[in-house]
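Data block below; observations after.
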Ligand SMILES: [Zn+2]
């Protein structure tokens, strides 16, 4: 099934696979819904999910977690960058990815993962969350400062 989305998935210099624009995307454009399976909060399971380089789950305001490790959720490949060009917004029961900057064709789409990190992970796992985004504004960590 062809993706009706303005991006493709390919190798990223940040980490593994990444999401890349296939045409210019203007600030404020809704890029894709972040689809997943809702699971009840289980901090251990979530810690295991994000132990790898990719973070594929979002904690939602209703206390559940959206697990995005699904084939029909291509934006699960969004990499972290400390100066991101995308952000995830949750409203009316849906999590969606929006452009927060003008994005050129070919540019990698990125999120700042700190927006979705639960508080308990701020200590103890820091080494697993070292940031390699290469941004001039890099915090050195995927976690909030
Ligand atoms: Zn960084």
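Each reported figure results from applying straightforward, stated rules to the coordinates on display, with no laboratory input. On a predicted model such as this, the values are computed, not experimentally measured, just so you know. When we count neighbours, we look across all protein chains shown, and the Cβ atoms used for this are built from the backbone with ideal geometry, even at glycine.
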>> Between residue 30 and residue 94, what is 0.36 nm times their sequence separation minus the Cα-Cα distance? Round to one decimal in nm.
In response: 21.8 nm
> If you take the beta carbon distance between residue 40 and residue 5 as r and set R0 to 25 Å, what does 1/(1 + (r/R0)^6) give as a FRET efficiency, to the nearest 0.05?
Replying inline: 0.30
